[in-house]
1. Considering (1) out of contact with any Pro (no Cβ under 7 Å at 6 or more places or on another chain); (2) assigned to a loop (DSSP other than H, G, I, E, B), say which one ALA134 fails and leave the rest.
2. Please state which of the following conditions ASP233 fails to meet, knowing it meets all the rest: (1) at pLDDT 95 or above; (2) surrounded by 14 or more Cβ atoms within 10 Å (Cβ to Cβ).
3. Among the residues of the stretch 109-123, write down those that are touching a helix residue (DSSP H, G or I) at 6+ places or on another chain (Cβ under 6 Å) and of a type in the set (A, V, I, L, M).
4. Take the conditions more than 21 Å from VAL228 (Cα to Cα) and not in a helix (DSSP H, G or I) and apply them to GLU65. Does it pass?
5. Would you call ARG210 exposed (fewer than 14 other Cβ atoms within 10 Å of the Cβ), modelled with pLDDT under 95 and under 19 Å from the mean Cα position of the chain (by Cα)?
6. Yes or no: the stretch 63-76 includes at least one residue that is without any contact (Cβ under 8 Å) to a residue 24 or more places away in the chain, over 21 Å from ASP124 (Cα atoms), out of contact with any Gly (no Cβ under 9 Å at 6 or more places or on another chain) and not polar (S, T, N, Q).
7. Just checking, does the stretch 271-292 include any residue being surrounded by 22 or more Cβ atoms within 10 Å (Cβ to Cβ), more than 19 Å from GLY34 (Cβ to Cβ) and free of Cβ contacts under 8 Å to residues at least 40 places away in the same chain?
8. Which of (1) modelled with pLDDT of 95 or more; (2) within 21 Å of TRP164 (Cβ to Cβ) does ALA33 not meet, given it meets every other one?
Amino acid sequence: MRIGVSLSSTHRVDDHRDGARFMIERARAAHQAGLDHLGVGDHHSSAVPYYQNVPILGRLLAEWEERPAGALFLLPLWNPVLLAEQIGTLASIHSGPFIVQTGLGSRAPDFAAMGKTMDTRVGDFEETFRIVDALLVGETVSSERFGIVDAQIAPRPAERVEWWFGTGADVGLARAARCGAAWYASPGLSFDAGRELAARYREHHGAAQRNGGTAGEPKLVLRQDAIVAATSDAAREAAMPILEGGYRGIAPENLAIGSVEEVTERFAEWRDVGFTDISVRQMSVPQDVALESLALLGEVREALQ
């Protein structure tokens, strides 16, 4: 099982340079811990400092070397040509494989702020994926839906990017398999729900292979919110202020909060359910707690090997 990190891009700081510094230090710590992949998120129109994925990832790649890295891009919110150009440039900066994490998006304020509507997001997602994927491999692309005529981009990735599709719906699992994308699972899943959805994705992946589509073994990536500490009590103490306010609507039992041994055991259960990767999303904890959690996450990774 591969263990990576999805760095928090939200930092409530008075000096906005501090939040960027926190992210750089965390990327460095994740690299030193030997984690397998690095990612950042996608969110818009925020009154709280949220460090945008393209520029911050460009800086974080200086800490990451050749391991896989990438960013979440909610496809319906982006102009397809602009997005392909951003990915192409980031992938050219990076010396290793590039991962494009994506999903439909679920926050109406994000769509409104970007001049978009959620009513067309499924069609916009599918057409944006088609355009971006084609542009990244050097094709000339037009789109009646977006009014795009004979678009091309350069620079382009040296190797084909890896796609992760975030979804919890069966139609989304089928779409991911059909498009050759990994399934990027929600952090709120229970083991029972994860087991059922993992089985469905594998069924869709097998059907896509039989129809001459996607190749290779299926990749199932769980986005898991976590705090790892030296002891169980220390982890729960760090999490308490977050959990008391109700954390993202996620049931506490679906979070990974504990010692190295406890989190290792939890991740091993997810491996047994069928997941190949876990992308740990850091919870909003002080910088010293976050850095220690990343270092200990490296021990979790080693234990799982």
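1. (2)
2. If we test ASP233 against (1) at pLDDT 95 or above; (2) surrounded by 14 or more Cβ atoms within 10 Å (Cβ to Cβ), just (2) comes out false.
3. Of everything in the stretch 109-123, those that are touching a helix residue (DSSP H, G or I) at 6+ places or on another chain (Cβ under 6 Å) and of a type in the set (A, V, I, L, M) turn out to be MET114, MET118.
4. For GLU65, the condition - more than 21 Å from VAL228 (Cα to Cα) and not in a helix (DSSP H, G or I) - is met.
5. Criteria not met by ARG210.
6. Here is the first cut: in the stretch 63-76, the residues without any contact (Cβ under 8 Å) to a residue 24 or more places away in the chain are none.
Scanning the stretch 63-76, I find no residue that is without any contact (Cβ under 8 Å) to a residue 24 or more places away in the chain, over 21 Å from ASP124 (Cα atoms), out of contact with any Gly (no Cβ under 9 Å at 6 or more places or on another chain) and not polar (S, T, N, Q), so the answer is no.
7. Within the stretch 271-292, not a single residue is surrounded by 22 or more Cβ atoms within 10 Å (Cβ to Cβ), more than 19 Å from GLY34 (Cβ to Cβ) and free of Cβ contacts under 8 Å to residues at least 40 places away in the same chain.
8. (2)
The values are calculated or read from the model by the stated rules, or taken from the named source; none is laboratory data. This structure is a prediction, so every number in the text was calculated from the model and none was measured. As a convention, Cβ positions derive from the backbone with ideal geometry for all residues, glycine included, and neighbour counts pool all protein chains shown.
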